[in-house]
Amino acid sequence: LLGNAVKFINTASTVAARVVLRAEACIRADSSPGLRLSVQDNGIGMPPEVVAKLFQPFTQADESTARKFGGTGLGLSISQRLVELMGGRISVESTAGVGSEFVVELPLEACEPERIQAPPLALAERRSRQRPGAPTVEEALQAKRLILVAEDNQTNRDVIQEQLRLLGHACEMADDGAIALKMWQANPHRYALLLSDCHMPNLDGFGLTQAIRTLEAAGTRMPIIAITANAMQGEAERCRERGMDDYLSKPLRMNELAPMLDKWLPEALDGHAAEAPRIEASEPVTDPDFAIWDPAMLTSLVGDNPGIHKRFLEKFLVNAEKQVSEIALAAAAGDTTTLANIAHTLKSGARSVGAQRLGGLCQALETAGRAGELATCRDLATGLDAGFGEAAAAIKNGLLPVTKQ
């Protein structure tokens, strides 16, 4: 609720933005004691017809709300379910252009002092092990095991960072090869290893590798591992010929990434490496290559963590919607090079989150774009909006299944 209050600040107003949280004891409608939480803001507010359906899944004030502010329209519906599961209630009062106040009332049960106990040892141990062996950047730097990742796709950056954390590694991220080169040049001894996408704007992985190999001091060589969505025959050899040391295909699998890092990183100091987590893969869909959305994909990449999955999927939907629009504009303008580059980025992100059918369509667009086949690009681009729409609908339904009344 606080996040929404800040998110929907009225930027057009000359009045200073204000968000207030209040927590106080209360007496509920059934005369039982309760806790009352209220979040009040002077943001954009909502008209009565929007307030009436506000807690339904995927509801936002209008279509422009999602475009301007992002999000899936799931937050309030999930909040309502959580509050009701705790025996409470949530309500809202709002006026368009004036602001909103959301109120949550939760029941409180009286507790005698002697009943208050410390958490069980097992629970305390689990909490202390939530991030086993994941070092800070400073600790990784001290152990000479800090990793630099060059990747232009937001979804892939999120996934790789979480995978590295689970494996007990710290990293720093660069959005493209040019940024990665500047980070390396600022301190060539800072990084123990580079994970680099091959196809990036401004400076691709091959150009980045060439620059590093040219500038490296004599007798030194930083391991560079190529990570690419092009799983074509001969790609590994091509990467090695261009100065890279090894090769991984995307989406990265933990059982391939872990031994690759062990192979090229210096031996870990005590306490700086975690045992690779065992990630149980969910039952695969019948034909994953053509699945609209395979929810097992993220589980196979970063484990069964619904909170992380939700964050990755929501960011993917926001970025993908923009990329679909950019592809349509490139097709209309006859710019097959730009179209191919954007399709490559969207393909990689789609496959990482399990939107396999959308990923396949983007692969076809990329191939046609690289070949300069404008007519094919335009033909394929006409179906991209619908392809993204069905993937988005499947993902949203998976994030919050609709309950049948």
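Just a few scattered comments:
- Additional length obtainable on full extension of the chain from Val92 to Leu374, 0.36 nm per residue less Cα span: 96.4 nm
- Cα gyration tensor category, rounded, prolate or oblate, for segment 1-54 with a/c compared to 1.5: oblate
- Using a Förster distance of 25 Å, the FRET efficiency for Glu24-Arg311 (Cβ separation, nearest 0.05): 0.20
- FRET efficiency, 1/(1 + (r/R0)^6) with R0 25 Å, evaluated for Leu2 and Ala393 via beta carbons: 0.30
- Estimated FRET transfer efficiency (Ala16, Arg221; beta-carbon r; R0 45 Å; 0.05): 0.20
- Extension gain, Glu235 to Gln56: 0.36 nm times the residue separation minus the Cα-Cα distance gives 59.7 nm.
- Each label was represented as a point 7 Å from its Cα along the Cα-to-Cβ direction; for Arg213 and Lys182 these points are 2.5 nm apart.
- Segment 293-405: C-alpha gyration tensor shape, a/c 1.5 cut-off, then a/b vs b/c: prolate
- Distance in nm between pseudo-label sites at Asp304 and Ala332 (7 Å out along the Cβ direction from Cα): 4.6 nm
The numbers here are math on the coordinates, done by the rules we state, and not lab data. These numbers were taken from a predicted model, which means no experiment stands behind them. Positions of Cβ are generated from backbone atoms using ideal geometry, with glycine treated the same way; all protein chains shown enter the neighbour counts.
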